[in-house]
Amino acid sequence: MDTRSRVRLALALLLVAAPLWGPPLDVTGPDYEYRAVDLAAEDGNLTVEEVPKRYFESPSDQIACFSRLATLDKERSCYLDSRLRDGDVAVDYPPIGGFNGMPTTNDAPYVAFGLHSPVYERTLTYDDANETFVLGLKRVDPGTALDDVASDGERAPPVIQRAIEDGSARRNERIEWFHESRIYRHDGGYVLVYEDAVYDGYSEKPGVERGFEALAVLFGGLLLFQVGRDSVRES
């Protein structure tokens, strides 16, 4: 078999194998980029050392309202919590006339207002005498709050570990349980890792991708047939 035939054969095999190498390329749809920025706990404030340009969400299940836009666009509770800095508020929840035990919520345990702010612990108690719930905020050391909510960076998914080490990392599919951002421990400090969907010019079209793969297999099969036919003729 001459050099030209070998090249045609290699190309044919490559095209026939398109269903194997095509999907990992994921040429349509967004990539999901995970970016890491350092956090600082200094002078009683929690601060993002380098403000991310595209970061808008707070790590909602860890520290609420720790965001550029949460207080303006996302969280009604951010407005309400900011009122609690001036003192506790007693509320009468209409369906409940009495209560036993300690009330609990699914809210983030801490709140910070913006990307440079003191950190407050959310408090919730029940006043038996007045049959009211008492909501409040208690200022806490930012380092204490970070240590309480941060996850272990060494146990994070590989893409998160790469982002922590290199500043950013990408993958084709998003991490389903990753809610916009999370805080991790790293190298004696803390980092905020947030997710950003990056579009590289093509919207997601899996049908188009599979169509190109089918055409590649068809063309590769025809090329294999031609190479085989030419080899028989030459022999």
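The rows are residues; the columns are (1) at pLDDT below 85; (2) of a type in the set (Lys, Arg); (3) part of a loop (DSSP other than H, G, I, E, B).
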residue: ILE175; (1), (2), (3): no, no, yes
residue: TYR184; (1), (2), (3): no, no, no
residue: GLU195; (1), (2), (3): no, no, no
residue: ASP200; (1), (2), (3): yes, no, yes
residue: GLY207; (1), (2), (3): yes, no, no
residue: ARG210; (1), (2), (3): yes, yes, no
residue: LEU222; (1), (2), (3): yes, no, no
residue: ARG229; (1), (2), (3): yes, yes, no
residue: ARG233; (1), (2), (3): yes, yes, no
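Checking each residue in segment 175-188 for being surrounded by fewer than 19 Cβ atoms within 10 Å (Cβ to Cβ) and out of contact with any helix residue (DSSP H, G or I) (no Cβ under 9 Å at 6 or more places or on another chain) picks out GLU176, TRP177, HIS179, GLU180, GLY188.
The values are calculated or read from the model by the stated rules, or taken from the named source; none is laboratory data. Just so you know, these numbers come straight off a predicted model, no measurement behind them. FYI the Cβ positions are ideal-geometry reconstructions off the backbone, even for glycines, and counts take in every protein chain you see.
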